[in-house]
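*Asks:* Before anything else, here's the structure in question.
The values are calculated or read from the model by the stated rules, or taken from the named source; none is laboratory data. Here the structure is a predicted model, which means the values were calculated and not measured. Cβ placement follows ideal geometry from the backbone for every residue including glycine, while neighbour counts extend to all protein chains displayed. Areas reflect the complete protein model, heavy atoms only, side chains present, ligands, DNA and RNA absent. Shrake-Rupley method; radii C 1.70, N 1.55, O 1.52, S 1.80 Å.
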Amino acid sequence: MSSAANLRVAIVGSGPAGFYAAAALLSSELGVEVDMIERLPTPWGLVRLGVAPDHPNIKAVSRAFEKTALNPGFRFFGNVEFGRDVEHEELMRLYNAVVYSVGAQTDRALGIPGEDLPGSWPATAFVAWYNGHPDFQELSFDLSGERAVVIGNGNVALDVARMLALTPEELAPTDTTDEAIEAINESGIREILVVGRRGPVQAAWTPVEVGELGELAGADVIVDPADLELDPASEAELAQAAPTVRRNVDHLREYAARTPTGKPRAIRLRFLSSPVALLGEEKVEAIELVRNKLVGGRAVTTDERETITCGLVFRSVGYQGVPLPGVPFDEHTRTIPNEGGRVEPGLYAAGWIKRGPSGVIGTNKKDATETVALLLEDARAGKLPSRKAGTLEELLTAKGVEAVMYAGWEAIDRTERAAGEPHGRPRIKLCSWESLLEAARTK
Ligand code: NAP
């Protein structure tokens with residue numbers, strides 16, 4: 001068993017949960033050192049590669065993470081892939097504790113025929129593409145059709161719908177990749193249909209995001225007033241609902257009362273409909289929807305079906321976690337089984353891989369702080385395993401892994417900001433592994 005002082009903790013994953021965990025550990029009186037391991041050469045997880053580029057204020061949370069990274073007890077090891085470059089057993093040997101904060105790495109499937117036709121995409125792939133994720137730049141989205149359909153009523157669905165509808169002027173000051181800006185500017189899409197399986201009261205999105213739809217320069221937002229006629233159970237739910245839900249519905253009512261102004265594009269929100277099949281020979285040509293009714297809060301299909309032509313479908317029905325080699329995994333919840341973030345003394349989880357893909361960035365602060373409190377409790381109780389001789393640097397050197405340390409990321413950051421500055425953009429992202437690693441070497 002180790003003494004309580006001088007703990008060494010590895011955090012795997014450098015998104016919000018990882019950084020909030022690092023901050024909580026580094027502020028402990030126990031004298032903790034944190035090594036953060038990240039597969040990409042760049043930190044911040046979905047803050048860099050998930051949050052929509054037209055939401056710079058949300059991305060600004062990375063400034064708090066930068067402060068954490070400058071703590072002398074913190075080290076960043078980017079370009080180090082867990083499971084390939086370093087294994088669970090190795091981390092357990094080198095550290096007193098390991099915290100997994102790897103997020104939810106894949107999308108949920110719809111499980112309907114045609115789901116895998118070309119032109120049907122997980123929304124997460126589109127998000128990663130327009131945000132410059134180096135693994136998603138080879139993708140090619142055909143935006144030539146007149147209608148795109150987005151399945152799901154969460155904030156990711158709204159991000160995708162909004163990004164597809166932005167005008168050149170709205171896109172220009174963002175850090176969306178040049179390729180995505182060009183594709184969206186030249187897109188033939190005239191209507192973006194967002195389809196929710198339940199009603200407006202049950203939608204998972206949040207009021208700011210719903211409100212933004214009404215302010216787009218190049219797109220009308222269209223809601224059928226009939227979709228806002230609530231069944232008695234939804235009326236009752238709304239009366240009891242959180243103010244955020246009521247604000248969502250207020251926005252929708254205001255949209256339903258609007259007359260379209262003839263903007264070049266339209267975002268149409270449709271409720272109580274589920275996709276049954278995606279149709280097409282070589283690629284998606286249409287989507288078949290079924291009308292639902294709500295029974296006990298659940299969407300139950302009716303006999304009413306409709307086929308709508310479309311060239312593109314984004315499936316935005318949530319993320320899910322993937323198993324990590326050597327680490328326990330619950331196939332049902334798609335998370336690491338844990339209690340308050342503790343799997344067992346020495347092994348912890350934080351963020352989406354702990355609780356599932358819910359909440360906003362700030363939710364991870366409470367989540368990670370809870371995990372770290374248990375870790376420190378185990379440390380004080382002398383329950384953490386002692387670490388064996390050796391360091392992560394030695395291990396990585398022996399394996400020939402070129403880690404990108406924090407100074408390397410700062411070099412990437414400087415390069416990107418300098419490229420964006422003359423164009424009034426926050427940065428122009430480096431989008432290939434090669435260019436990222438090259439920039440990191442200029443530290
Ligand atoms: P989400 O909020 O969980 O929404 C998923 C949506 O998909 C729900 O409307 C859900 O409907 C629907 N759905 C699930 N299975 C379905 C199916 N088989 N058929 C049709 N619809 C289905 O997930 P998300 O949008 O991916 O967002 C993930 C998290 O990130 C959320 O907490 C979100 O708020 C957050 N986020 C925040 C922001 C922001 O703050 N700006 C931006 C992006 C993401 P049911 O409710 O009926 O299950």
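*Asks:* Within region 196-210, is even one residue within 10 Å of the ligand (Cβ to nearest atom), farther than 23 Å from Asn57 by Cβ and open to solvent by less than 10 Å² (accessible area, probe 1.4 Å)?
*Replies:* yes
*Asks:* Something else now. Could you pull out the residue among Asp159, Asp175, Asp227 that is within 15 Å of the ligand (Cβ to nearest atom), closer than 21 Å to Ala128 by Cα and of a type in the set (Asp, Glu)?
*Replies:* Within the list Asp159, Asp175, Asp227, the selection yields Asp159.
*Asks:* I would also like to ask the following. Determine if region 352-373 includes at least one residue that is over 22 Å from Phe65 (Cα atoms) and either in contact with a helix residue (DSSP H, G or I) (Cβ under 6 Å, 6 or more places away or on another chain) or open to solvent by 70 Å² or more (accessible area, probe 1.4 Å) (or both).
*Replies:* No, the conditions are met nowhere in region 352-373.
*Asks:* Among the candidates Val99, Val127, Val149, single out the residue that is under 19 Å from Ala277 (Cα atoms), open to solvent by less than 30 Å² (accessible area, probe 1.4 Å) and not in a loop (DSSP other than H, G, I, E, B).
*Replies:* Going through Val99, Val127, Val149 in turn, just one is under 19 Å from Ala277 (Cα atoms), open to solvent by less than 30 Å² (accessible area, probe 1.4 Å) and not in a loop (DSSP other than H, G, I, E, B): Val149.
*Asks:* Please list, ordered by first then second residue, the pairs with beta carbon atoms under 8 Å, 6 or more apart or interchain, first in region 119-146 and among the β-branched types (Val, Ile, Thr), second assigned to a helix (DSSP H, G or I).
*Replies:* Thr124/Val156; Val127/Leu49; Val127/Val156; Val127/Asp159; Val127/Val160
*Asks:* Given the structure, is Gly50 modelled with pLDDT of 95 or more and open to solvent by 20 Å² or more (accessible area, probe 1.4 Å)?
*Replies:* No; evaluated as a whole, the condition is false for this residue.
*Asks:* Let me ask you something else. Exactly one condition in (1) assigned to a helix (DSSP H, G or I); (2) crowded, with 16+ Cβ neighbours inside 10 Å; (3) in the same structural domain as Leu30 (by TED's automatic domain parsing); (4) not β-branched (Val, Ile, Thr) is false for Asp413; which is it?
*Replies:* That leaves (3) as the condition not met.
*Asks:* Among Arg305, Arg342, Arg387, Arg315, which is in contact with a Pro (Cβ under 7 Å, 6 or more places away or on another chain) and either at pLDDT 95 or above or surrounded by fewer than 22 Cβ atoms within 10 Å (Cβ to Cβ) (or both)?
*Replies:* Arg315
*Asks:* Of the residues that make up region 58-66, is at least one out of contact with any strand residue (DSSP E or B) (no Cβ under 7 Å at 6 or more places or on another chain) and outside the structural domain of Asp378 (by TED's automatic domain parsing)?
*Replies:* no
*Asks:* If you scan region 325-336, which residues turn out to be in contact with a helix residue (DSSP H, G or I) (Cβ under 7 Å, 6 or more places away or on another chain) and either part of a loop (DSSP other than H, G, I, E, B) or farther than 24 Å from Asn153 by Cα (or both)?
*Replies:* Within region 325-336, Pro325, Gly326, Val327, Ile336 qualify.
*Asks:* With the condition kept exactly as written, say whether any residue in region 22-42 is open to solvent by 20 Å² or more (accessible area, probe 1.4 Å), within 16 Å of the ligand (Cβ to nearest atom) and in the same structural domain as Glu87 (by TED's automatic domain parsing).
*Replies:* no
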